[in-house]
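Below is one structure, written out as structure tokens; comments come after it.
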Amino acid sequence: MNPLELADAAPGPAFAVTLDGRELAALPGQTVGAALWAAGVTSWRTTRGESRPRGIFCGIGVCFDCLVTVNDRPNQRACLVPLRPGDAIRTQEGTGHEL
Amino acid sequence: MSSDDGRPRLAVVGAGPAGLAAALAAAGQGVRVMVIDSAEAPGGQFYRQPAAGLGARRPQALHHQWRTWRRLREGLDRHIAAGLVTHRPDHHVWCVEQRPEGPLSSLGSRRFTVHALRGPAQEDPVEVRADAVLLATGGYEKVLPFPGWTLPGVVTAGGAQAMLKGGLVVSGRTAVVAGTGPLLLPVATGLAAAGVTVAALVESADPKALVRRAGALAGRADKLAEGAGYAVELLRRRVRTLVRHTVVEAHGTDRLEAVTVAELDAGGRVRPGSERRIRCDTLAVGHGMLPHTDLAEALGCRVEPDGTRVWVDDEQRTDVPGAWAAGEITGIGGAALSLAEGHIAGRSAGARLQGREPVPDEWAAAAKSRGELREFLGVLDTVYVPPAHWVDQVTDDTVVCRCEEVTAGAVRVAVAELGAGDVRTVKLLTRAGMGWCQGRMCGPAVAGIAGCAEAVSRRPFARPVPLGVLARAGETAGKPGKPRENEDADDIP
Ligand SMILES: Cc1cc2nc3c(=O)[nH]c(=O)nc-3n(C[C@H](O)[C@H](O)[C@H](O)COP(=O)(O)OP(=O)(O)OC[C@H]3O[C@@H](n4cnc5c(N)ncnc54)[C@H](O)[C@@H]3O)c2cc1C
Ligand code: FES
């Protein structure tokens, strides 16, 4: 049993997004964080000081650990932002501004 | 939006159990209500629903108390259809203020402006005006640090649950659920039902202590049965439960690979030699909940000095005239208590907005439930406490403030060598708590490691606000006598 089966989900057709240029499938309604988890990705940012990897921590928009760049906008919370077809997700280093 | 048919208006912030119960109770008396919530759909944490696009035909498989949800949802839909309630999803409220100018409300108090940012990017400003406000913003999870807790794969217990309920996803195949508190039970059973192997449920408290306090709990046999129900589910799913155990370290380089758990002695210290390693790719961990009190504080409501609850009277009124509060912001207590408090708050606000003195007999059942649940939770609070000596496990190189990457060692130096004697000074010296999350994640940890009392942290805004929005909000609200019509003003219809 996986979560989709458990909830008897019949999602709309999957669509393509990219993570650092690599294509991934996302389901309608999924946030960036949910789609990345579904693709087996658990970190997409490195910290400013120690360059340590981070991903989802609180899952509800409070901790800001999950910051990510979406369509060139840095510092979006992956646990909140829903994906649309064609969205370009970029892993983020440090403040996300020094690309 | 035009507004004036003279009926009084209530803005409810938060669409969880408390906010929804309040909105229904107030609308049931003919008061027009706007429910403003940051999520995409109503439900709050407990009744978080899968995103609509996922087409879940059996969302109840992820939930408990589904019938109560159906009642709330149907009531909401009915009032929305009747034009009495509007629901504004995806609205992140950053400030609620009492307007210094303009006519008084039907309560005889100053009217309110609710400032929100719309959309997931939270940049598009909206203002809502209301005669009264009801704050039902719930809470978030507290996690105390331990070596390795910043590794990807370590998530809050509630966060694992939120991702599962909302996105129908899990972060791995094998999980350990750990920490303390009643929330760990639904998280462990939820993950197991979703196909994750739950290698262990690690609870630092000893729930047997509850049995010794059974007298105080007898009034809420339903809650005890709920706990027993989870216990049966854990057994059925073969989840091993380790009580009086704690996670001492999370291992891995770029993601979690294993945790070390150890037994606690009666004094709450790790028993040397009891350590064992459990392989896992997910650790869902939590040590209780903290309330979202920022909006209430900025509005000037009285908050207990330790920041654990907004003060309310028997009708759920705060000490600011025209402002009510309900649910976990008035003390952590779970969904059933939030529902009872929300109902009472909505009844009281509904009556008072119509110039009637409320009749508490009308909410006698909810008041009884509230009293019993608060007593019950008072007992739970004495049982589910983090290990007394958790600080001993936090090595100097453990990051405490996740945002600013401040280590426990830096906090200790600030106290021992630089003479910091309170949390504020520690913060100024180390930058702990000055990052994106504004100390929400590290507050209790920094206080514990520094050996100082926890203090209410004054955050001017509940959300990061773009500077342009701030400048414009200042023009409308900050200067009495110079009111300016805001084109984004979004009055309750
Ligand atoms: C992540 C998480 C998961 C949880 N999962 C469970 C569970 O599975 N089972 C369980 O028994 N308990 C769970 N809980 C405990 C939960 O807090 C209570 O069960 C219950 O939901 C509390 O109800 P409430 O109405 O007081 O607050 P909530 O349900 O938290 O509702 C508050 C609402 O206010 C909104 N809000 C907060 N601040 C703002 C703002 N500034 N602007 C706009 N909207 C805002 C939130 O988005 C939310 O929708 C969880 C808690 C958390 C933090
Ligand atoms: S995971 Fe905490 S803000 Fe996204």
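The values are calculated or read from the model by the stated rules, or taken from the named source; none is laboratory data. Everything numeric here is computed off the predicted structure, so don't read it as measured data. We place every Cβ from the backbone using ideal geometry, glycine too, and count neighbours over all the protein chains shown. Side chains are part of the model used for accessible areas, which takes the heavy atoms of the whole protein and leaves out ligands, DNA and RNA. Shrake-Rupley method; radii C 1.70, N 1.55, O 1.52, S 1.80 Å.
Assuming residue B:312 fulfils every condition listed in (1) without any contact (Cβ under 8 Å) to a residue 40 or more places away in the chain; (2) open to solvent by 40 Å² or more (accessible area, probe 1.4 Å) apart from one, which condition is it? The failed condition is (2).
Out of B:30, B:19, B:55, B:44, I need the residue that is touching a Lys or Arg at 6+ places or on another chain (Cβ under 8 Å), away from ligand 2 (no atom under 16 Å from the Cβ) and of a type in the set (Gly, Ala, Ser). Which one? Of B:30, B:19, B:55, B:44, the one residue that is touching a Lys or Arg at 6+ places or on another chain (Cβ under 8 Å), away from ligand 2 (no atom under 16 Å from the Cβ) and of a type in the set (Gly, Ala, Ser) is B:30. Tell me, please, whether a residue that is part of a loop (DSSP other than H, G, I, E, B), modelled with pLDDT under 95, within 14 Å of ligand 1 (Cβ to nearest atom) and of a type in the set (Val, Ile, Thr) can be found in segment B:330-345. Yes, that holds for at least one residue. When residue B:86 is evaluated against the numbered criteria (1) in a loop (DSSP other than H, G, I, E, B); (2) away from chain A (no Cβ under 14 Å); (3) at pLDDT 95 or above, which criterion, by number, is the only one it fails? (1) is the only condition that residue B:86 fails.
Restricted to segment B:138-147, and to residues there that are closer than 15 Å to residue B:284 by Cβ and more than 11 Å from chain A (Cβ to nearest Cβ), the residue that is farthest from ligand 2 (Cβ to nearest atom) is B:146.
Can you confirm whether residue B:399 is within 14 Å of chain A (Cβ to nearest Cβ) and either open to solvent by 10 Å² or more (accessible area, probe 1.4 Å) or within 16 Å of ligand 2 (Cβ to nearest atom) (or both)? Here the answer is yes, as residue B:399 does meet what is asked.
If you go through segment B:250-274 and keep only what is under 18 Å from residue B:201 (Cβ atoms) and open to solvent by 40 Å² or more (accessible area, probe 1.4 Å), you end up with just B:263. Hey, any hits in segment B:91-112 for a residue that's within 16 Å of ligand 2 (Cβ to nearest atom), under 22 Å from residue A:81 (Cβ atoms) and either within 13 Å of another protein chain (Cβ to nearest Cβ) or not basic (Lys, Arg) (or both)? Looking for residues that are within 16 Å of ligand 2 (Cβ to nearest atom), under 22 Å from residue A:81 (Cβ atoms) and either within 13 Å of another protein chain (Cβ to nearest Cβ) or not basic (Lys, Arg) (or both), one finds at least one in segment B:91-112, hence yes. For segment B:127-161, what are the residues that are in a loop (DSSP other than H, G, I, E, B), within 19 Å of residue B:446 (Cα to Cα) and within 14 Å of ligand 1 (Cβ to nearest atom)? Matches in segment B:127-161: B:142, B:143.
A quick yes/no check of all residues on (1) within 24 Å of residue B:332 (Cα to Cα); (2) of a type in the set (Phe, Trp, Tyr):
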site: B:34; (1), (2): no, no
site: B:42; (1), (2): yes, no
site: B:62; (1), (2): yes, no
site: B:66; (1), (2): yes, yes
site: B:73; (1), (2): yes, no
site: B:79; (1), (2): no, no
site: B:84; (1), (2): no, no
site: B:103; (1), (2): no, no
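Select from segment B:29-47 the residues that are touching a Gly at 6+ places or on another chain (Cβ under 7 Å), more than 7 Å from ligand 1 (Cβ to nearest atom) and open to solvent by 10 Å² or more (accessible area, probe 1.4 Å) and list them in ascending order. Of everything in segment B:29-47, just one residue is touching a Gly at 6+ places or on another chain (Cβ under 7 Å), more than 7 Å from ligand 1 (Cβ to nearest atom) and open to solvent by 10 Å² or more (accessible area, probe 1.4 Å), namely B:29. Listed conditions (1) within 26 Å of residue B:55 (Cβ to Cβ); (2) in contact with a Ser or Thr (Cβ under 7 Å, 6 or more places away or on another chain) are all met by residue A:12, apart from (2). Close Cβ contacts (under 7 Å, 6 or more residues apart or on different chains) running from residues in segment B:332-351 that are more than 14 Å from chain A (Cβ to nearest Cβ) and over 22 Å from residue B:67 (Cβ atoms) to residues that are within 8 Å of ligand 1 (Cβ to nearest atom) and outside any helix (DSSP H, G or I) comprise B:332/B:139; B:332/B:289; B:345/B:326.
The residues on offer are B:96, B:143, B:128, and the sole one that is buried (at least 24 other Cβ atoms within 10 Å of the Cβ), touching a Ser or Thr at 6+ places or on another chain (Cβ under 8 Å) and within 30 Å of residue B:182 (Cβ to Cβ) is B:143.
Contact map, segment B:295-308: residues that are open to solvent by less than 30 Å² (accessible area, probe 1.4 Å) and in a loop (DSSP other than H, G, I, E, B) paired with residues that are modelled with pLDDT of 95 or more and of a type outside the set (Gly, Ala, Ser), Cβ distance under 6 Å, separation 6+ or inter-chain. Pairs shown: B:301/B:310; B:301/B:318; B:301/B:320. Applying the set (1) away from ligand 1 (no atom under 16 Å from the Cβ); (2) assigned to a loop (DSSP other than H, G, I, E, B); (3) open to solvent by less than 40 Å² (accessible area, probe 1.4 Å) to residue A:35 leaves exactly one unmet item: (2).
Please verify whether segment B:56-68 includes one or more residues that are more than 15 Å from ligand 1 (Cβ to nearest atom) and assigned to a helix (DSSP H, G or I). Scanning segment B:56-68 turns up at least one residue that is more than 15 Å from ligand 1 (Cβ to nearest atom) and assigned to a helix (DSSP H, G or I).
Quick one: in segment B:403-436, which of the residues that are surrounded by 23 or more Cβ atoms within 10 Å (Cβ to Cβ) and of a type outside the set (A, V, I, L, M) is farthest from the other protein chains (Cβ to nearest Cβ)? So the residue we want is B:427. Where helices (runs of 4 or more DSSP H) fall entirely within segment B:377-480, those with at least 3 residues that are in contact with a Ser or Thr (Cβ under 6 Å, 6 or more places away or on another chain) are at B:408-416. Inside segment A:16-32, can you point out the residues that are open to solvent by less than 10 Å² (accessible area, probe 1.4 Å), over 20 Å from residue A:95 (Cβ atoms) and more than 7 Å from chain B (Cβ to nearest Cβ)? Across segment A:16-32, the qualifying residues are A:17, A:26.
State whether one or more residues within segment B:54-76 are within 14 Å of another protein chain (Cβ to nearest Cβ) and within 19 Å of residue A:80 (Cβ to Cβ). Within segment B:54-76, one or more residues are within 14 Å of another protein chain (Cβ to nearest Cβ) and within 19 Å of residue A:80 (Cβ to Cβ).
Conditions tested, residue by residue: (1) within 16 Å of ligand 2 (Cβ to nearest atom); (2) open to solvent by 20 Å² or more (accessible area, probe 1.4 Å); (3) within 20 Å of residue A:32 (Cα to Cα).
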site	(1), (2), (3)
B:136	no, no, no
B:155	yes, no, yes
B:159	yes, no, yes
B:177	no, no, no
B:181	no, no, no
B:184	no, no, no
B:187	yes, no, no
